[in-house]
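Reviewing the structure listed below.
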Amino acid sequence: MKKYDLVDWDDFKKELEKQPGFKEALKETELEYQVAHALIEARVKKGLTQEDLARVMNTKQSVISRVENAKTVPSLSFLKRLAQALNASLQVQFKL
């Protein structure tokens, strides 16, 4: 079994940015990752597992996992249900 050293995300990202096409790919998926990060952060703050949250939302754990792994773009209705399940407000903004 190999022992892995922890890598600082900022240093790792700088290395990735040197690869052709990385910056463009990052921009294309930025919103999905923002949603994933916000979901994970809120779920953990509430002390819920993916399975707990799925049960409250009447969906499957795999759906929560796909959103948290930025494998899907959740619909607005899903985000509304999510906010309700987390007892949170949903905010959308355009930054100019």
Signed unit charges on C-beta, dipole axis of the chain, positive-most listed residue Gln50, Leu39, Val73: Gln50
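Assuming a ≥ b ≥ c are the square roots of the Cα gyration tensor eigenvalues, decide whether region 29-96 counts as rounded (a/c under 1.5), prolate (otherwise, with a/b larger than b/c) or oblate. List each step's numbers first, then the result.
Details: a/c = 1.66, a/b = 1.37, b/c = 1.21.
Here region 29-96 falls in the prolate category.
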Whole-Hz couplings from phi, Karplus 6.51/-1.76/1.60, listed for region 65-74; x for Gly and Pro: 4, 4, 5, 5, 9, 6, 8, 8, 9, x
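So what is the relative contact order of region 32-80, in percent, for Cα pairs below 8 Å that sit 6 or more residues apart? Walk me through the numbers before you get to the answer.
On the way: 35 pairs, mean separation 21.2, N = 49.
The value is 43 percent.
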Pairs of lysines in the chain (C-alpha under 18 Å apart; 8 or more residues apart or interchain): 10
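Taken together, the values in this text are just the output of simple stated rules run on the coordinates, not laboratory data. On a predicted model such as this, the values are computed, not experimentally measured, just so you know. We place every Cβ from the backbone using ideal geometry, glycine too, and count neighbours over all the protein chains shown.
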